[in-house]
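Have a look at the structure below before the remarks.
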Amino acid sequence: MNSAQFEIQLIASLVAIACAIPGTFLVLRKMAMISDAISHSILPGIVVGFFITQDLNSPWLILLAAFTGVITVALVERIQKTGLVKEDTAIGLVFPALFSIGVIMIAKNANDVHLDVDAVLLGELAFAPFDRLTVAGTDIGPKSLWVIGIILMITISLLIAFFKELKISTFDPGLSASLGFSPLIMHYGLMTVSSVTTVGAFDAVGAILVVALMIAPAASAYLLTTDLKKMLGLAVFFGVFSAITGYWVAHWLDASIAGSITTMLGVLFLFVYLLAPSKGLIAVMYRDKQQRIEVSLLTFLLHLKNHTEERERHVNHLNEHINWQKVKSETVLDLALKNNMIIINNKIVSLTEKGNAFTSQAIDYIITNEDAQIEDMKDDFFLFRG
Amino acid sequence: MDTHTDEHALNKGNLAVKVDDLTVAYNYKPVLWDIDLEIPEGVLMAIVGPNGAGKSTLIKAILGILKPIAGSVSIYGKPYHKQRSLVAYVPQKGSVDWDFPTTALDVVMMGTYGSLGWIKRPGVNEKKAALEALEKVGMLAFKSRQISQLSGGQQQRIFLARALVQEASIYFMDEPFQGVDATTEIAIINILKELRKAGKTVVVVHHDLQTVPEYFDWVTFLNVKKIATGPVMDIYNDDNLTKTYGINYKVSVQK
């Protein structure tokens with residue numbers, strides 16, 4: 001690995017961390033699409049800033065472009081407040097308008113400006129190591145590394161300082177306001193950080209990857225944890241993981257780095273979505289199946305408790321009587337036997353003492369409208385789950 | 001207002017909350033119209049009125065969450081923003097996202113943020129206070145549970161614990177009995193009665209008209225305008241209910 005490769009991975013990782021932190025709060029505030037809007041609408045800010053400063057890494061350009069991002073948010077809210085359109089429509093109205101202004105400005109001045117729409121959308125991470133920062137004649141590393149490094153330091157300091165305020169204003173804006181932590185200030189603070197990060201990351205990774213780096217790691221982390229700090233940690237980890245693996249995938253395929261990192265983010269989310277222990281698709285499907293069988297079991301036990309006549313309790317008649325398919329009645333019978341809830345004598349099914357106790361208690365809970373309690377009770381009664 | 005009310009208020013001593021000529025509008029449509037309201041210290045008060053009467057809006061305007069277009073509010077004689085530490089607020093349970101990645105204990109700790117102020121973080125004392133509040137509402141065993149895994153009643157108790165931890169003088173609660181089971185309702189009202197016994201003022205947006213005389217000693221009838229306010233035993237009658245709800249109301253008030 002040469003130093004340029006190392007620098008690219010370092011920049012990509014810092015960008016990933018800087019994006020994951022505001023991204024986590026955007027996801028929790030159900031504002032993921034705002035990052036999309038910001039990343040596009042800062043384009044005119046960048047173009048104007050570039051005309052003035054002639055330097056894509058100038059702090060003035062970053063502040064000017066970030067300001068366009070905050071204006072976007074304010075415009076979206078302004079339109080939304082009229083009550084004539086919903087928030088998603090307002091977002092859809094504002095950012096294409098601002099983005100298109102930027103596109104026209106680039107096209108009109110294409111000859112003088114080293115900016116093109118491709119670079120804006122996809123970034124040029126591979127070229128980042130060529131634009132060096134020199135202080136008193138000494139090369140101190142790529143400019144984008146310094147830009148994103150400084151932004152990251154600011155973001156982390158703000159996160160540490162205002163973690164409690166961010167948490168409370170995200171979870172409960174009403175309480176937050178009543179305690180004197182203005183949700184409006186926190187909202188615009190977060191929007192400013194998101195905008196600055198987007199602009200800082202934009203040069204390196206482009207408008208589309210910025211959105212992916214903000215949202216995908218946070219969304220994946222959300223499926224895995226029930227703790228805000230862990231969610232932040234996991235989001236950062238996923239971002240860095242995708243940045244580095246994405247870089248090597250691009251290296252191996254000789255493809256776009258930004259594209260490969262985004263693909264890795266997608267693959268990662270897909271994995272988490274399928275395999276997350278409690279919220280993942282497979283776990284949910286497994287629990288659904290378990291629930292269905294256990295509800296059938298309870299139905300079957302209730303039937304046994306209600307009917308003393310042997311005709312109703314004959315093994316072969318279960319299919320006809322409770323109208324179940326053969327496979328299902330076998331599964332249910334099997335589960336009931338394994339848990340010692342029933343005994344079968346001469347093909348006649350009867351409740352055991354334990355089965356009787358379980359059923360009576362379940363009926364009590366159903367009658368008193370506390371069905372949720374049945375779940376807890378299952379732990380006491382079941383040796384094997386459905 | 002009749003003289004009895006004034007006497008009663010005087011007996012109770014200070015005014016906890018005073019609302020003057022408060023008008024709040026959403027998009028130019030008034031939801032609260034010229035409200036004058038005095039809440040004496042130490043009462044357990046219900047705010048009743050039909051849907052859209054502005055009950056939640058009144059609380060939010062008192063707490064400065066909504067900006068009124070006219071009028072003023074004072075808490076023990078001073079504007080709200082100077083008296084924040086005296087006030088605790090329990091929003092409607094439905095106003096927050098219960099899938100938020102946090103635990104019961106952590107939500108209760110949020111009640112301590114107000115006294116901490118900006119930037120300072122909760123420490124050992126705050127945690128201890130939060131655990132005590134959880135114990136008071138019978139939720140200590142659930143302290144590490146993720147909040148989405150709590151039942152509706154348990155979530156409401158968590159909200160109540162969060163208000164208790166603020167150790168306020170005035171408690172505003174927006175429909176604390178909504179969607180809770182009978183056991184939780186009794187547990188909550190017992191805690192509210194304890195608060196009153198300790199000299200606190202408790203203001204509750206309430207929906208169940210049947211339980212007003214049993215739970216509360218003070219009541220405000222609201223329907224965009226204030227209809228009446230005073231001791232339950234004096235003003236909780238068919239006349240005021242009919243004025244508030246617009247249809248002929250018959251309740252049998254046990255005195």
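Does A:LEU179 satisfy the condition of being surrounded by 14 or more Cβ atoms within 10 Å (Cβ to Cβ) and either within 27 Å of the chain's Cα centre (by Cα) or closer than 23 Å to A:SER39 by Cα (or both)?
Against the criterion (surrounded by 14 or more Cβ atoms within 10 Å (Cβ to Cβ) and either within 27 Å of the chain's Cα centre (by Cα) or closer than 23 Å to A:SER39 by Cα (or both)), A:LEU179 does not qualify.
The conditions are (1) in contact (Cβ under 8 Å) with a residue 24 or more places away in the chain; (2) over 23 Å from A:ASP227 (Cβ atoms); (3) within 13 Å of another protein chain (Cβ to nearest Cβ); (4) surrounded by fewer than 18 Cβ atoms within 10 Å (Cβ to Cβ), and B:SER148 fails exactly one of them. Which is it?
(2)
Limited to the stretch B:121-152, what total is found for residues that are closer than 30 Å to B:GLU41 by Cβ and assigned to a helix (DSSP H, G or I)?
Counting residues in the stretch B:121-152 that are closer than 30 Å to B:GLU41 by Cβ and assigned to a helix (DSSP H, G or I) gives 11.
In the stretch A:240-260, how many are in contact with a Leu (Cβ under 6 Å, 6 or more places away or on another chain) and closer than 22 Å to A:PRO22 by Cα?
Residues that pass the stated criteria total 2.
Could you look through the stretch A:225-254, keep only residues that are within 14 Å of chain B (Cβ to nearest Cβ), in contact with a Ser or Thr (Cβ under 9 Å, 6 or more places away or on another chain) and not acidic (Asp, Glu), and pick out the one that is surrounded by the fewest Cβ atoms within 10 Å (Cβ to Cβ)?
Once the filter is applied, the top-ranked residue is A:GLY233.
Examine the stretch A:32-54 for a residue that is assigned to a helix (DSSP H, G or I), within 14 Å of another protein chain (Cβ to nearest Cβ) and not aliphatic (A, V, I, L, M), and state whether such a residue exists.
no
Looking at the structure I just gave you, is A:ILE342 buried (at least 16 other Cβ atoms within 10 Å of the Cβ), at pLDDT below 80 and touching a helix residue (DSSP H, G or I) at 6+ places or on another chain (Cβ under 9 Å)?
no
For the stretch A:37-52, indicate whether the set of residues that are assigned by TED's automatic domain parsing to the domain that holds A:ASP118 and farther than 18 Å from A:LEU121 by Cα is non-empty.
yes
If you check A:ALA218, A:ALA119, which single one turns out to be touching a residue at least 60 places away in the same chain (Cβ under 8 Å) and within 14 Å of chain B (Cβ to nearest Cβ)?
From the options A:ALA218, A:ALA119, the qualifying one is A:ALA218.
Which of the residues belonging to the stretch A:247-289 are charged (D, E, K, R) and farther than 30 Å from A:VAL332 by Cα?
A:ASP254, the sole residue that qualifies.
The values are calculated or read from the model by the stated rules, or taken from the named source; none is laboratory data. Since this is a predicted model, take the numbers as computed values, not measurements. No Cβ is skipped: glycine too gets one built from the backbone with ideal geometry, and neighbour counts run over all protein chains shown.
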